[in-house]
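Student: I have a structure I would like to understand better, so I am pasting it below and will then ask my questions one at a time.
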Amino acid sequence: MHFTSAQRLDDGTLEREFTLGETPGTLWTPESAAPAPLILMAHNNGLPKAAARLVARARHTAAYGYAVAAIDAPGCGDRPRSAADEQARADLRRAMQAGEPVDDIFESFVGPLVEKAVPEWRSTLDALLALPEIGGPVGYSGWTAVGIRLAAVEPRIAAAGFFAGGYVPRAQREEARQITIPLLLLLQWDDEGNPRQRALDLFDAFGSKEKTLHANMGGHTGTPWFELEDGGRFFDRHLR
């Protein structure tokens, strides 16, 4: 892991950019002498780690004493996309706008993203836990499809918060039954991009004995800010 820049924020949080092989990332660590528990914060497919909403969540979470890391997975942010990726994105947008079925397009687009992203997240986790300022345990927050696979294959993930969950590849829907860690699923009731019933079915499929569903009115980007506070209490229960 190679750190390329660093800045101390007004609240004392240290924000550092890093690279790990071809993977660019950002790490936020609190101003604390003790090793901090870690939260991996993944954005939805295609968005950059520098997306304003993700950065705001990360800084807020770090200010409460967590180390937070985000990466640009393959095809996300400024990382190159193949012509096939670009075509799949265009087909997905067109089909959704036209109200046409998108399942097959979604499978061909998101499935490969998950397969590529999870190994990079695991390598990043290895490198982060080797830093003296980061301890355990480890939580995950964000993109549901990647989070399900990561929680299924990575025993170091102790708790997870997922967003939406309407469009999740079939493979991850099956893997959801294997997940037994504590979960918090956020659902926007009027999310135009995630079918409500599918999200509810996914929540039901998770094998966790402790799982919580928070549903709020509004569209995809309308998650209330207080859910960040509730998410913090969720992670406090399981990572401290």
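Student: Within the stretch 10-42, can you find the residues that are of a type in the set (Val, Ile, Thr) and either open to solvent by 40 Å² or more (accessible area, probe 1.4 Å) or not in a loop (DSSP other than H, G, I, E, B) (or both)?
Tutor: Result: 19, 23, 26, 29, 39.
Student: Taking the stretch 180-199 as the region of interest, how many residues are within 22 Å of residue 92 (Cβ to Cβ) and in a loop (DSSP other than H, G, I, E, B)?
Tutor: Number satisfying all stated conditions: 6.
Student: Scan the stretch 200-221 residue by residue and report those that are small (Gly, Ala, Ser) and in a helix (DSSP H, G or I).
Tutor: 205, the sole residue that qualifies.
Student: Now, a different point. For the stretch 202-224, which positions are without any contact (Cβ under 8 Å) to a residue 24 or more places away in the chain and either open to solvent by 50 Å² or more (accessible area, probe 1.4 Å) or closer than 19 Å to residue 149 by Cα (or both)?
Tutor: Hit for the stretch 202-224 is 204, nothing else.
Student: List the residue pairs whose Cβ atoms are under 7 Å apart, where the first residue sits in the stretch 64-82 and is free of Cβ contacts under 8 Å to residues at least 24 places away in the same chain, the second is in a loop (DSSP other than H, G, I, E, B), and the two are 6 or more positions apart or on different chains.
Tutor: Listed by first residue and then by second, the contacts come to 81/75.
Student: Does any residue of the stretch 67-79 turn out to be among the small types (Gly, Ala, Ser), more than 23 Å from residue 126 (Cα to Cα), surrounded by fewer than 21 Cβ atoms within 10 Å (Cβ to Cβ) and modelled with pLDDT under 85?
Tutor: Taking every residue of the stretch 67-79 in turn, none turns out to be among the small types (Gly, Ala, Ser), more than 23 Å from residue 126 (Cα to Cα), surrounded by fewer than 21 Cβ atoms within 10 Å (Cβ to Cβ) and modelled with pLDDT under 85.
Student: Any residue that is under 27 Å from residue 37 (Cβ atoms), of a type in the set (D, E, K, R) and in a loop (DSSP other than H, G, I, E, B) - is there at least one of those in the stretch 222-234?
Tutor: no
Student: Here is a further query. With the condition being more than 18 Å from residue 176 (Cα to Cα) and out of contact with any Asp or Glu (no Cβ under 7 Å at 6 or more places or on another chain), I'd like the helices (runs of 4 or more DSSP H) fully within the stretch 80-162 carrying at least 1 qualifying residues.
Tutor: 83-98, 103-129
The values are calculated or read from the model by the stated rules, or taken from the named source; none is laboratory data. Worth saying up front: this structure is predicted, and the values here are computed from it rather than measured. Methodologically, a virtual Cβ is constructed for each residue, glycine included, from the backbone with ideal geometry; neighbour enumeration extends over all protein chains shown. Keep in mind that these areas ignore ligands, DNA and RNA; they rest on the heavy atoms of the full protein, side chains included. Shrake-Rupley method; radii C 1.70, N 1.55, O 1.52, S 1.80 Å.
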